[in-house]
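Just below is one structure, and these are the notes that go with it.
Rule-based calculations on the coordinates, nothing more; no lab input. Just so we're clear, the structure is a prediction, and the values are computed from it rather than from any experiment. In this analysis, Cβ positions are derived from the backbone assuming ideal geometry, glycine residues included, and neighbour counts consider all displayed protein chains.
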Amino acid sequence: MITIEHVSRSFGGTRALADVSLEIGRGQIFGVVGQSGAGKSTLLRTVNALERPDSGSVTVDGVQVSHLSGQELRAARHGIGMVFQHFNLVGNRTVAQNVEFALEAVGRGRGDRAAEAREMLDLVGLAARADAYPAQLSGGQRQRVGIARALASRPRVLLSDEATSALDPDTTRQILALLRRLSGDLGLTIMLITHEMAVVKQICDAAALLEHGSIVERGTLTDLIRTPGSRLARDLFPLGEVPDIPGSVIIDLTFAGEEAQKPTIALLSRALDLDVSILGATIEDIAGAQAGRTRLALPADPEIVARAQAFLTEHSVAVEVVKAA
Ligand SMILES: Nc1ncnc2c1ncn2[C@@H]1O[C@H](COP(=O)(O)OP(=O)(O)OP(=O)(O)O)[C@@H](O)[C@H]1O
């Protein structure tokens with residue numbers, strides 16, 4: 001649905017994006033994470049063609065948006081909704097008028113706007129507040145208006161720029177649940193940028209880590225957490241600093257899907273007649289399936305470590321030695 005191919009973009013001497021390629025499937029919810037200045041906003045802005053790449057191309061729903069201008073560009077942008085961190089609502093217009101304003105911008109006739117705005121507000125569960133002004137709403141309600149407005153042009157793609165960063169954790173969860181429901185109901189593809197791993201964990205099917213303008217990791221969440229050494233996986237399941245335990249090798253195990261339900265560590269202990277110490281564990285719901293990480297201390301005996309690694313790998317558990325003997 002969104003294909004980014006070899007996109008580079010510099011501002012003066014600053015390389016914001018360096019040869020970025022990314023494929024986001026239809027209906028997928030894709031998270032782009034990275035530190036401040038990594039290039040996330042620039043990347044998002046190339047998708048709705050607010051930013052033109054110096055080289056490379058961006059295609060959205062079969063249309064190469066990076067090479068359009070004028071009327072064609074405006075038409076392509078109608079297929080792409082945008083949700084912002086600070087909502088960007090017009091303060092002296094009611095909730096309904098904010099949505100109607102967006103409908104007007106995409107050329108809807110005056111007669112249809114009120115009913116369509118009502119329909120959009122229904123979608124986000126805010127029809128009852130249609131006549132309120134933004135200042136009378138909570139942050140979560142304002143973001144619902146922001147989402148209703150983004151849906152006005154009936155886009156196929158929704159871009160979210162830190163949409164929940166100004167919200168508290170409970171409201172964040174509600175807004176993300178709404179986005180997930182809308183993605184399912186309307187077949188929306190969502191690309192979101194965030195610096196919060198909790199957002200990725202709750203809503204994303206796949207994610208990419210951007211660093212100094214380059215993608216350093218990408219994949220579905222399930223694949224990432226199975227990848228030993230994945231930084232995204234480590235951030236999704238933080239187990240903290242690796243302790244220094246003399247005479248021990250420390251390994252991190254990552255479980256996903258069915259393996260997360262099995263008593264693998266008990267089986268390991270029994271099969272190898274081994275005393276294992278569990279130093280930390282975390283288990284969560286990822287992309288609708290259970291996944292988790294466990295940190296173990298094993299005796300610093302190369303043969304035992306090799307046998308444990310072989311046993312775990314055989315049981316489809318990803319193993320990473322985080323502290324060797
Ligand atoms: N219009 C611009 N003019 C000059 N430099 C820019 C412009 N837009 C972005 N940059 C620079 O490009 C780099 C990437 O910026 P970008 O805003 O894309 O990063 P980001 O990951 O979204 O950061 P943040 O999370 O802080 O928003 C930064 O060094 C930034 O200063």
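Below are the figures for this structure:
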| read-out | value |
| --- | --- |
| q = 0.10, 0.16, 0.17, 0.19 Å⁻¹: log10 I(q)/I(0) that the Debye formula gives for region 2-220, counting C-alpha atoms only | -0.43, -1.08, -1.20, -1.41 |
| Most mobile listed residue (GLN28, GLN261, GLN309) in the chain, GNM with C-alpha springs under 10 Å | GLN261 |
| Nitroxide proxy distance, nm - points 7 Å out along Cα→Cβ at ALA166 and ASP112 | 3.0 nm |
| Gaussian network model of the chain, springs between alpha carbon atoms under 10 Å - residue of VAL58, VAL145, VAL90 with greatest fluctuation | VAL90 |
| Hits among lysines - C-alpha to C-alpha of LYS323 under 30 Å, sequence gap 8 or more where chains match | LYS201, LYS262 |
| Distance between region 25-74 and region 107-161 - C-alpha centres, whole angstrom | 24 Å |
| Approximate spin-label separation GLU211-GLN261, in nm, with each point projected 7 Å along Cα-to-Cβ | 3.6 nm |
| Sequence ranges 225-233, 19-27, 6-14, 152-160, ranked by mean other-Cβ count within 10 angstrom, highest first | 152-160, 225-233, 19-27, 6-14 |
| For the chain, built as a Gaussian network whose Cα springs stay under 10 Å, the top-fluctuating residue of ILE286, ILE203, ILE304 | ILE304 |
| Simple label model, 7 Å out from Cα along Cβ direction - ALA310 to GLU23, nm | 3.7 nm |
| Calculated P(r) tail over 22 Å for region 237-323, as whole % of Cα pairs | 21 percent |
